[in-house]
1. Using a simple spin-label model with points 7 Å from Cα along the Cα→Cβ vector, what separation in nm is obtained for ASN93 and GLU67?
2. What list of ³J(HN,Hα) values in whole Hz, one per residue of region 63-74 in order, does the Karplus curve 6.51 cos²θ - 1.76 cosθ + 1.60 (θ = phi - 60°) give from phi, with Gly and Pro shown as x?
3. Which log10 I(q)/I(0) values does region 2-90 give at q = 0.16, 0.21 Å⁻¹ under the Debye formula, counting every alpha carbon as one identical point scatterer?
4. What net charge is computed for the residues neighbouring GLU67, neighbours being all others with C-beta under 15 Å from the C-beta of GLU67, Lys and Arg scored +1, Asp and Glu -1?
Amino acid sequence: KLQSAIVCLDLPAGYMVTQVTANDVDLSSTITYSFSDNSSTNIPFAIDRYTGVITLTRALDYEEQTEYTLTVWASDSIHQTNGEVKVQVLDVNDNAPAFTQDSYQVQIQDFSVRWLKAFIILIMWYSKYSPIYIDI
């Protein structure tokens, strides 16, 4: 069964992403949870063995990865089953704008029209991960 969660990238380590639960029809069986061995070393998530609570182990980076699919195992010490948790990372405005060039030079010619009291200079800047913006 697939479960999903949405997480903003600016959340700190320790933040609770979601909680998985499994049921066992046998009486007095204790269920433990874990990630599959191949996914647990390089993912920024941890799972509590007894509660199934999934937390962040570090802040996420949207530019690094926008989605994670975690394989979670539930075991009653005799039988086990697995399921997937899909975690979608939401982007936030975490990158400062940058100018398109290091310096700008403007040459203003002598105008004969005296009523012209101001000049408008357009400066274009961009944000590495956003569309171009223009400020006047």
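Every number here is computed from the coordinates shown, using simple stated rules; none is lab data. Since this is a predicted model, take the numbers as computed values, not measurements. Please note: Cβ atoms are built from the backbone with ideal geometry, for glycine as well, and neighbour counts cover all protein chains shown.
1. Modelled inter-label distance: 2.7 nm.
2. Listing the rounded values in order: 5, 7, 7, 9, 7, 10, 10, 9, 9, 10, 9, 10 Hz.
3. -0.61, -0.97
4. Working: positive: LYS86; negative: ASP61, GLU63, GLU64, GLU84, ASP91.
That sum, taken over residues with Cβ under 15 Å, equals -4.
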